[in-house]
Amino acid sequence: MNFDVRVPLIALVSLLATVIAVSAEDKPVPGAPVHLQQGWSEETADRWHFISQGTALIPYEWFVALEQPGQPPGQTALIKAPENLQRLGFLPEPASATNPDGLAIGLYSTPVDIPDGRHACWKGNWLGLGCAGCHTGQVSYRGQQIRIEGGPSHIDIDAFVAQLVGSIGAVLQNQDGAAQRFMARVKAPPADVQSGLQCFGGVLQAAARFNQVVGANSGDTAGGAGRLDAHGAGLNQLLAGPFRLMTDPADIGETRNYAHLTAPVRYPALWDTPRFNWVLYNASIRQPLTRNIVEALGVLAPIKHDATMIGPDVMHGIQMENVVWGQRKLMDLRSPRWPEAVLGALDPKRALRGQLVYVSACANCHDAAPTEVASGACSEIQIPLVDLRKIGTDPEQATTFNRRKIALSKIGGPDAMSNYKAAEVLTGNIAALWIARSKDNAASAAEINCGRPNQFRAPLAYRARPLNGIWAMAPYLHNGSVPSLNDLLLPPSQRPKTFYVGNWEYNPDIVGYDMKAQTPGAFLFDTSVRGNSNAGHTYGTDMTEDDRKALIEYLKTL
């Protein structure tokens, strides 16, 4: 390779300072995760882990009483058991003031009082899934865990939801006495529980009829551990399914709005994202507040599915104050530094050589790291976009986002509309309604939006984010199709075709997880499946082994 060696001296001095600073990590405490210095206090991290954004999956009192489905006769372990949640990729935590039931990070109890669809089945507390569930990472090395705030998690949402639905079905059918055990555990009036179960049975029946029409999951690409087709699944939940069954039992939903899920992506890291000029892998949403609103709706925050949904007086259950608090705290989150005390010392000489390789192979698209700013400062990072034809990586996420149309005629809207423009209108109305309620709301929204307007778009391209903290983002590419940085720097033909995802054991040499062994809850990733291609991003794949190792050493320092 030909290298541009005109690297400013100040950059080399900065690199040396970074290596020295990284080596100053606190020593690990046996049996406890190492918490890196990322700009958050312990209190902030604890609240982030369990704060409600208003999403609601099933009644909370039911969740803490439900058994894992499919167990051998005589075994009655609960879904909420820490070992079960850990198999599903969650990070269990002990009971505390913010987590009284000792749930895993990202799970919480939230009140619901919107009589629409499934949420009409239970007035009271519901189980919610918060941002931290998908965006709190952890790596393990030789028995020591390292917590990554804002990093990608390993949770398998589809497997988790399948357990919830399967367990409720077992109770409804009283399989092996499941109903009696469930009723004995639920801390709620029996008459309310029976009524709620009957209602939920209707929800499941309507869903079954809907699935018969659309073909259920026959054309889906499984997400597995650490991935989700969030855009596709969110639209299906919000605008396709049997959301109006309580007012019209014969209406199973809007089947025209259903699409098979073919674009699962790995959960992205969140540091610096409040400063990005556009977010999501395809750089499609401009404003932080409306981006968080559409995410909450996609994870089943209650909303009234009638004409108000497309008007200025939207009825919904998003907890806007909490959403704004979380976004404000993300403005303070910093990328994690390589923890030398656990993962091993960096090699400054090799890293300096790697910086030269980076300038030649990576710097045209990726900034090494953005300039740090004061807490809460409104600065913007301009993220380069790379055309799909140039980058060559799997196109499903960008193309499905670009092409999907929806019908809103059942609630008084147009019969065909771009999905992202509909999201722009809906989220804009929700944000405007909340902002108009008080001057404090308006000030809070202005603080996190930093002047960015509510805009949604659908470029046929992917973003190239800065590389700080890249060591903690495995697996790589937007769809998680490449296990390690070492594999990413190999020609696509030499990258693994299949590998297991879900193991937290880290390999610092290749900068990725151990994905050869099948651990409990592991998901077999097959790059031949639609949406799972590991092709493209061939930059730097022709370098020598020594240059590749040097580049990897430099990337560890970012």
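The values are calculated or read from the model by the stated rules, or taken from the named source; none is laboratory data. Nothing here was measured: the structure is a model prediction, and the numbers come from that model. For neighbour counting, all protein chains shown are included, and Cβ atoms are generated from backbone atoms with ideal geometry for every residue, glycine included. We work out accessible area using only protein heavy atoms, side chains counted, and drop any ligands, DNA or RNA first. Shrake-Rupley method; radii C 1.70, N 1.55, O 1.52, S 1.80 Å.
So the values come out like this:
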read-out	value
Accessible heavy-atom area order of 254, 43, 61, 321, highest first, probe of 1.4 Å	43, 321, 61, 254
Cα Rg, Dmax (largest Cα-Cα span) when computed across region 140-179, Å	17.0, 45
Centre separation in Å (Cα based) which lies between region 402-474 and region 490-508	33 Å
Protein-only accessible surface order, largest first, of 528, 335 at 1.4 Å	528, 335
Only Lys, Arg (+1) and Asp, Glu (-1) charged, at Cβ; the chain dipole about Cα centre in debye	760 debye
Neighbourhood charge, 14 Å Cβ-Cβ cut-off, centred on residue 171 and excluding it, Lys, Arg +1 and Asp, Glu -1	-1
Disulfide-incompatible cysteines by the Cβ rule (no partner under 4.7 Å) in the chain	131, 134, 362, 365
Protection-proxy order for peptides 441-448, 542-549, 225-232, each taking the mean of Cβ atoms within 10 Å per residue, highest first	225-232, 441-448, 542-549
Accessible area (Å², 1.4 Å probe, nearest 10) - residue 316	40 Å²
Within-15-Å neighbourhood charge of residue 53 [Cβ basis; K, R +1; D, E -1]	+2
Gyration tensor verdict on the chain (Cα atoms; rounded if a/c is under 1.5, prolate if a/b is larger than b/c, oblate otherwise)	prolate
Ranked packing of 373-382, 271-280, most packed first, by mean Cβ within 10 Å	271-280, 373-382
Region 418-548 - convex hull of the alpha-carbon atoms, volume per residue in Å³	185 Å³
Relative contact order %, the chain, counting alpha carbon pairs below 8 Å whose residues are six or more apart	18 percent
Helix-only CD estimate at 222 nm, as mean residue ellipticity for the chain, using -39500 (n - 2.57) per DSSP H run (n ≥ 4)	-10000 deg cm²/dmol
Region 441-558, relative contact order in percent, only Cα pairs under 8 angstrom and at least six apart counted	27 percent
Kirkwood Rh and Cα Rg combined as Rg over Rh, evaluated for region 145-280	1.05
Environment charge of residue 444, counting only residues whose C-beta is closer than 14 Å and scoring Lys/Arg +1, Asp/Glu -1	+1
From phi via Karplus (6.51, -1.76, 1.60), per-residue ³J(HN,Hα) for region 188-197 in Hz, x at Gly/Pro	7, x, x, 5, 5, 5, 4, 5, x, 5
